[in-house]
Amino acid sequence: IEDFYSDIITEANPYKWDMVTPQQFLEDPYYCGVNPKTGIGVVESMYPKLKEDFIKIHAPDSTIQEVVLTGSIGWGKSFFMELGILWQLYKLSCLKSPQRFYMLAPDSPIGIIIVSVTANQGKKNIFDTVKGMIQNIPYFQENFMFNKKKATDSLIFPNKIELFPASSAHSSNIGLNLFAGAMDEANFFRKIKNSKRSENGTGMFDAARTLYRSLRRRLDSRFMKYDKKPGILYLGSSRVYPNDFTSEHIAECLETERRTGIKTTY
């Protein structure tokens with residue numbers, strides 16, 4: 001009887017193995033930590049406050065669905081987003097069938113997107129860095145490595161998981177099942193006056209806001225089902241002017257939190 005029920009429980013468990021904690025993910029040499037023999041690791045140094053925030057944001061009981069990183073240059077916005085993308089890939093890698101878990105069609109591809117002002121910038125910045133990190137992490141080498149023969153324009157992992165860069169010009173039209181993503185340097189996306197692409201057809205076209213709403217809709221519509229939330233959307237950019245995209249978005253999120261009492265943006 002014990003064996004019988006043990007088989008049922010094993011079969012019913014959607015995970016191939018238990019996930020490690022965010023702290024272990026950052027510190028363990030098998031994941032992002034420093035190998036004590038070589039002194040090399042993905043997270044060789046990290047500000048204590050950033051580590052504390054990363055652990056809090058990605059904890060199992062966290063309600064956070066978005067992270068906004070802004071302010072001055074050089075404090076680790078891109079590095080935080082890169083680690084966040086690694087964590088989202090790790091989450092999907094632990095599932096036997098991500099498609100079945102999120103109630104998608106069995107052969108549906110699942111995407112994680114990195115959006116930059118231009119496609120070329122996207123590939124040279126976060127995408128290439130994450131690619132290099134994955135190649136240096138033992139966990140990914142042994143359990144969830146991308147197809148190296150098809151690693152030019154995107155990274156294709158087992159279970160039809162794909163990580164890809166995109167530009168602000170065309171990413172709003174992508175039809176993949178987006179699980180998570182990052183908008184890099186969102187405050188530098190274009191704003192065009194009297195554009196036909198504006199929401200009312202005659203006003204300001206705000207590329208960052210339009211793209212954000214498109215990504216948010218795709219994450220929520222594809223994955224916000226059966227009380228299973230999608231991965232996190234990371235919005236990062238140095239500050240440009242007082243009412244830039246991230247400044248306005250932070251104000252809107254704080255107002256929503258005040259009204260609902262639920263914190264979904266960090």
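The values are calculated or read from the model by the stated rules, or taken from the named source; none is laboratory data. Since we're looking at a predicted model, the values are computed, not measured. Ideal geometry is used to build each Cβ from the backbone, glycine not excepted, and the neighbour counts take in all protein chains shown. We work out accessible area using only protein heavy atoms, side chains counted, and drop any ligands, DNA or RNA first. Shrake-Rupley method; radii C 1.70, N 1.55, O 1.52, S 1.80 Å.
Here are the numbers for this structure:
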| read-out | value |
| --- | --- |
| Point-to-point label distance, F101-D220, nm (Cα→Cβ direction, 7 Å offset) | 2.3 nm |
| Carbon plus sulfur fraction of accessible area for the range 57-122, probe 1.4 Å, in percent | 60 percent |
| Cβ crowding within 10 Å averaged over residues, with 76-85, 99-108 ranked highest first | 76-85, 99-108 |
| Within-15-Å neighbourhood charge of L26 [Cβ basis; K, R +1; D, E -1] | -2 |
| Förster-model FRET efficiency, 30 Å R0, K229 and K131, C-beta, rounded to 0.05 | 0.70 |
| Spin-label model distance (nm) - R258 vs W17, 7 Å beyond Cα toward Cβ | 4.7 nm |
